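Take a look at the structure set out below.
The values are calculated or read from the model by the stated rules, or taken from the named source; none is laboratory data. Here the structure is a predicted model, which is why all the values come from computation and not from measurement. All Cβ positions, glycine included, derive from the backbone under ideal geometry; neighbour counts span all protein chains shown. Note: accessible area is taken over every heavy atom of the protein model, side chains too, but ligands, DNA and RNA are not part of it. Shrake-Rupley method; radii C 1.70, N 1.55, O 1.52, S 1.80 Å.
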Amino acid sequence: MAWEEWEQLKAEAAERQSTHMRLNQVEGGGASSALPEKYGVLKASQTDLSKIGKIAHTLYNDLWDKARVAVPSSDSAAGDLSRQGFALGAGLQHVSTRWEEQLKSLMDAVAHISNHMHVTTKLHSGGEGFIQRQMSSIDALDAGFDERVGKPGAKNPAYYPAESEKKE
């Protein structure tokens, strides 16, 4: 390739580069301009998180059952080819080894997603219950300190609901 041709290709690539899309950025190197008010806020419900976790778990099981099957047969075929003197045996063994490494990496990532979604769902559902319990106890506490709840000198019905029902 001639030097002039190389320079021309670089110049054409630079021209095309300037027309690419830029996300969350203003021309002139400005900082991020993605505002939640303008684009919305990411929301995920417990059902969404559970579905993602379930799908990841199913994917993990499918990878375990179906993608792993090729490794033992490929390894034995590679061994047979190598023993018979074919150079293809070493290549097949290399592919099989790389497949197994990549499969394990993918399965670890999918398991991580599945576990993370299950843990997140449990943590957030516990938080919702805690907030509800705290709010209901605050209501009871407020009613106990509110002087307008009962007559002066009478027992507060917030603490003695059974007795207040008998009197009425």
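Please enumerate the residues belonging to region 47-77 that are open to solvent by less than 90 Å² (accessible area, probe 1.4 Å), under 20 Å from GLN93 (Cα atoms) and β-branched (Val, Ile, Thr).
Matches in region 47-77: VAL71 only.
Please work out if LEU92 is in contact (Cβ under 8 Å) with a residue 40 or more places away in the chain, in contact with a Leu (Cβ under 9 Å, 6 or more places away or on another chain) and in a helix (DSSP H, G or I).
no
Under 7 Å between Cβ atoms, at least 6 apart or on separate chains: pull out the pairs that start in region 65-83 with a residue that is modelled with pLDDT of 90 or more and end on any residue that is loosely packed, with under 14 Cβ neighbours inside 10 Å.
From residues that are modelled with pLDDT of 90 or more, the pairs are LEU81/LEU88; SER82/ALA90.
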